[in-house]
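**Q** Here's a structure for you.
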Amino acid sequence: MLNDYGTLTIEQSLDITQAVLQALSVAHREGILHRDVKPENVILVNDGRIKIGDFGLARPVNNATDTGKSLLGTVAYIAPELLTRSQADNRSDLYSVGIMLYEMLTGKQPFTGETPMQVAVQHAQQPMPFAAESNPTVSRAVDDIIQWATQKKPSDRPKDARSMLDALTRALAQPDDAATRVIDSPTSSAQIEDSRETQRALPTIPAVAAIDSSRNSDARGPIRAPGRSVRVLSLLIALLVIVGGGGSVWWFQFGPGSLAASAVVAGMSVENATISLTTAGFVVIDPVSEEYHPDIPEGMVIGTSPEITSGMPKGTEVHLVVSLGLEPIAFPSFDNVTLVDFSAQLAKLGIGVVNTSKEFHKTIPAGQVLAASRADGSAITVGETFYAGDSVLLTESAGKVPSVSGLSVEQATAALEAVDLTVNGRSTEEFSSTFASGTVISVVAAGGIIHPGGSVSLVVSKGPELVAVPGVAGMTIAAAKLLLENLGFAVTVVSEIPIKHWDKSWAEAVSTDPIEGTEAPKGATITLQGKI
């Protein structure tokens, strides 16, 4: 509607504002701030209903919400405290409502500039103009509400959306006559203009809503009787007017006006931090320094150098310190390190150990780290890049599996169970020339890795394999020797015939010892007798 008509009627403006305040009242009651109240987010439905949308910047609030880690709302409607203190409460939304009501009644925003920074500085330092200056049909009561909602200090604004809504309802009920019009008499106009000039002369002093003694100042409306702080401020203004330029010089060069405001920029973008610091009175200069930070994301501001403290003079030059994100960590070596010590070492680096397991190992002593892997099971190599917050799985050595070779099955089973292994009873048998029949040759596990608490199988000896000695009479010595060796025997040849002639037909084998047909263990030595 603003794009189509430029300005809205007082009735339209107040109807929309009432609907927005009703919606904010519900949101604030539930602990939610909108933080981006502006005309673009007020939706006029075809059936005549008015809704407020786009809670994209909304956050839960407990009367004070830190906004340092989030985007600032649209600068044209932003409350000063978001720029100087990076904190918002429900009164920050009311400031935006006041700016929006002013725009609906006048067709323009109260603060404009070529850059967002220029607009932000005006919000923080310049007095709020009166809507009646641009639209004479605006009543004093409505203008007072706008001024009340847009005070620089949140404590000077309505305490909540319901208070502002009640005041707006009373303003609608007041007659629009000379007693409630700011611009109906030359005297009143002159007073207003004089008030404007006084405000413009002191741009760094928070604006205080002008209160005429003829107005209703009871507790039912937004107009409050001047308290001690207002009287002190009025006296200060009067003194500055009396001393003229000299007073201004003192205020801005030596007095409170010479000090920069406090500014918290941790977690802000570089652009928003620059706006906040500039608004507070600092000068942001290059270069920007960069540091790793465990909590602040890459590209966001950590702070300033020098660090901002209270009482710093305006114009103090500061450098922004910007986060590089998490610092990369080279995964350390775990050779000859116990699981306890290595876990503590990783904890100091910010790396968590989410799980551990144990494996038996032939060479790595019990208690030392055997292997490290990521959550997906992929092995970790020493020097691999990690970051604080990452986690690993560690494997601890359980030492050697007890040697049970040569023991009976019963003896081997008892020894293995003593180290938390279960013998599954599915033993296999193999011939062995080393271990006697019925004794254990070795221990095996599925996958080849033996874990404490796991199951293993035994390989049991059947004793040596017996082979019948073949007949070799009439064969050449060379052929007989080859036959015996292929059967697994070791062969000793007894003959006067030189080795080089053993393959000749006349170099015949005569007999063996043991003799033909005897069963001998594979690997046994057979004596082959050749022709002399």
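The values are calculated or read from the model by the stated rules, or taken from the named source; none is laboratory data. What you are looking at is a predicted structure, and each value in this text was computed from that prediction instead of being measured. Here Cβ is always computed from backbone atoms with ideal geometry, including for glycine, and neighbour counts include all displayed protein chains.
**Q** Name every residue in the stretch 1-29 that is at pLDDT below 85 and assigned to a loop (DSSP other than H, G, I, E, B), in order of residue number.
**A** Answer for the stretch 1-29, where residues must be at pLDDT below 85 and assigned to a loop (DSSP other than H, G, I, E, B): Met1, Gly6.
**Q** Can you tell me which residue among Ala446, Ala388, Ala479, Ala415 is in contact with a strand residue (DSSP E or B) (Cβ under 9 Å, 6 or more places away or on another chain) and modelled with pLDDT of 90 or more? Talk me through it step by step, then tell me what you get.
**A** Details: Ala446 fails: modelled with pLDDT of 90 or more; Ala388 fails: modelled with pLDDT of 90 or more; Ala415 fails: in contact with a strand residue (DSSP E or B) (Cβ under 9 Å, 6 or more places away or on another chain).
Going through Ala446, Ala388, Ala479, Ala415 in turn, just one is in contact with a strand residue (DSSP E or B) (Cβ under 9 Å, 6 or more places away or on another chain) and modelled with pLDDT of 90 or more: Ala479.
**Q** Is there a residue in the stretch 358-368 that is more than 28 Å from Ala446 (Cβ to Cβ), among the β-branched types (Val, Ile, Thr) and modelled with pLDDT under 95? Full working, then the answer.
**A** Pass one, the stretch 358-368, residues more than 28 Å from Ala446 (Cβ to Cβ): none.
No, the stretch 358-368 has no match at all.
**Q** While we're looking at this one, here's another question. For the stretch 392-449, which residues satisfy the criterion of being closer than 26 Å to Ser357 by Cβ and free of Cβ contacts under 8 Å to residues at least 12 places away in the same chain?
**A** Within the stretch 392-449, Ser403, Ala414, Glu417, Gly425, Ala446, Gly447, Gly448 qualify.
**Q** Next question, about the same structure. Here is a list of conditions, (1) touching a helix residue (DSSP H, G or I) at 6+ places or on another chain (Cβ under 8 Å); (2) modelled with pLDDT under 95, and Ala375 meets all of them except one; can you say which number that is?
**A** The one condition Ala375 does not meet is (1).
**Q** Would the stretch 347-354 turn up any residue that is under 25 Å from the mean Cα position of the chain (by Cα), within 30 Å of Thr274 (Cα to Cα) and not assigned by TED's automatic domain parsing to the domain that holds Leu421?
**A** Initially, the stretch 347-354 is screened for residues under 25 Å from the mean Cα position of the chain (by Cα), giving 347-354.
Those left that are additionally within 30 Å of Thr274 (Cα to Cα): none.
Within the stretch 347-354 (the criterion being under 25 Å from the mean Cα position of the chain (by Cα), within 30 Å of Thr274 (Cα to Cα) and not assigned by TED's automatic domain parsing to the domain that holds Leu421), the answer is no, since none of the residues qualifies.
**Q** Name every residue in the stretch 1-26 that is under 18 Å from Ser96 (Cβ atoms), in contact (Cβ under 8 Å) with a residue 60 or more places away in the chain and small (Gly, Ala, Ser), in order of residue number.
**A** Ser13, Ser25
**Q** Please go through (1) within 52 Å of the chain's Cα centre (by Cα); (2) of a type in the set (D, E, K, R); (3) at pLDDT 50 or above for Asp176 and return the number of the only condition it doesn't satisfy.
**A** Among (1) within 52 Å of the chain's Cα centre (by Cα); (2) of a type in the set (D, E, K, R); (3) at pLDDT 50 or above, Asp176 violates only (1).
**Q** Is there a residue in the stretch 131-153 that is assigned by TED's automatic domain parsing to the domain that holds Arg29, modelled with pLDDT of 90 or more, within 29 Å of Ser269 (Cβ to Cβ) and β-branched (Val, Ile, Thr)? It would help to see each step written out before you state the result.
**A** Narrowing the stretch 131-153 to residues assigned by TED's automatic domain parsing to the domain that holds Arg29: 131-153.
Of the ones still in play, those that are also modelled with pLDDT of 90 or more are 131-153.
Narrowing further to those that are within 29 Å of Ser269 (Cβ to Cβ): 149-153.
If we keep only those that are β-branched (Val, Ile, Thr) as well, we get 150.
Yes - at least one qualifying residue is present in the stretch 131-153.
**Q** Let me ask something else. Among the residues of the stretch 375-391, how many are loosely packed, with under 15 Cβ neighbours inside 10 Å and either within 25 Å of the chain's Cα centre (by Cα) or touching a residue at least 40 places away in the same chain (Cβ under 8 Å) (or both)? So that I can check it myself, show each step before the final result.
**A** Kept after step one, since they are loosely packed, with under 15 Cβ neighbours inside 10 Å, are these residues of the stretch 375-391: 375-379, 381-385, 389, 391.
Applying the additional criterion that residues be either within 25 Å of the chain's Cα centre (by Cα) or touching a residue at least 40 places away in the same chain (Cβ under 8 Å) (or both) yields 375-378, 381-385, 389, 391.
Total meeting the criteria: 11.
**Q** Right, another one. Hey, does the stretch 302-311 have a residue that's assigned to a strand (DSSP E or B), of a type outside the set (S, T, N, Q), more than 30 Å from Val443 (Cα to Cα) and assigned by TED's automatic domain parsing to the domain that holds Ala388?
**A** Our first condition is that a residue be assigned to a strand (DSSP E or B); within the stretch 302-311, this holds for 302-305.
From what's left, of a type outside the set (S, T, N, Q): 302-303.
Then drop every residue that is not more than 30 Å from Val443 (Cα to Cα), which leaves 302-303.
Going one step further and asking which of them are assigned by TED's automatic domain parsing to the domain that holds Ala388, we end up with none.
Within the stretch 302-311, not a single residue is assigned to a strand (DSSP E or B), of a type outside the set (S, T, N, Q), more than 30 Å from Val443 (Cα to Cα) and assigned by TED's automatic domain parsing to the domain that holds Ala388.
**Q** Name the residue that is surrounded by the most Cβ atoms within 10 Å (Cβ to Cβ), counting only residues in the stretch 263-317 that are among the hydroxyl-bearing types (Ser, Thr, Tyr) and in contact (Cβ under 8 Å) with a residue 40 or more places away in the chain. Even if it seems obvious, please write down each step before you answer.
**A** Initial filter on the stretch 263-317 (among the hydroxyl-bearing types (Ser, Thr, Tyr)): 269, 274, 276, 278-279, 289, 292, 304-305, 309-310, 316.
Checking which are in contact (Cβ under 8 Å) with a residue 40 or more places away in the chain leaves us with 269, 274, 276, 278-279, 310, 316.
Details: Ser269: 17, Thr274: 19, Ser276: 27, Thr278: 18, Thr279: 22, Ser310: 8, Thr316: 16.
Ranking the candidates gives Ser276 first.
**Q** Still on this structure, please answer the following. Kindly list, by first and then second residue, each pair from a residue in the stretch 353-374 that is among the aromatic types (Phe, Trp, Tyr) to a residue that is buried (at least 17 other Cβ atoms within 10 Å of the Cβ), limited to pairs with Cβ atoms under 8 Å and residues at least 6 apart or on different chains.
**A** Hits for this filter: Phe360/Ser397; Phe360/Ala398; Phe360/Gly399; Phe360/Val401; Phe360/Ile450; Phe360/His451.
**Q** Can you confirm whether Lys358 is of a type in the set (Lys, Arg), out of contact with any helix residue (DSSP H, G or I) (no Cβ under 6 Å at 6 or more places or on another chain) and surrounded by fewer than 16 Cβ atoms within 10 Å (Cβ to Cβ)?
**A** Working: of a type in the set (Lys, Arg): yes; out of contact with any helix residue (DSSP H, G or I) (no Cβ under 6 Å at 6 or more places or on another chain): yes; surrounded by fewer than 16 Cβ atoms within 10 Å (Cβ to Cβ): no.
When the stated conditions are applied, Lys358 does not pass them.
**Q** Among the residues of the stretch 396-421, how many are surrounded by 12 or more Cβ atoms within 10 Å (Cβ to Cβ) and out of contact with any helix residue (DSSP H, G or I) (no Cβ under 8 Å at 6 or more places or on another chain)?
**A** In the first step, residues of the stretch 396-421 are kept if they are surrounded by 12 or more Cβ atoms within 10 Å (Cβ to Cβ); the result is 396-409, 411-416, 419-421.
Imposing the further condition that a residue be out of contact with any helix residue (DSSP H, G or I) (no Cβ under 8 Å at 6 or more places or on another chain) reduces the set to 397-400, 403, 405-406, 408-409, 411-416, 419-421.
Final tally of qualifying residues: 18.
**Q** For residues in the stretch 36-54 being among the charged types (D, E, K, R) and not in a loop (DSSP other than H, G, I, E, B), which is farthest from Val26 (Cα to Cα)?
**A** So the first thing to find is which residues in the stretch 36-54 are among the charged types (D, E, K, R), and the list is 36, 38, 40, 47, 49, 51, 54.
Among the residues that remain, those that are also not in a loop (DSSP other than H, G, I, E, B) are: 40, 51.
Working: Glu40: 20, Lys51: 12 Å.
Filtering the stretch 36-54 for residues that are among the charged types (D, E, K, R) and not in a loop (DSSP other than H, G, I, E, B), the one farthest from Val26 (Cα to Cα) comes out as Glu40.
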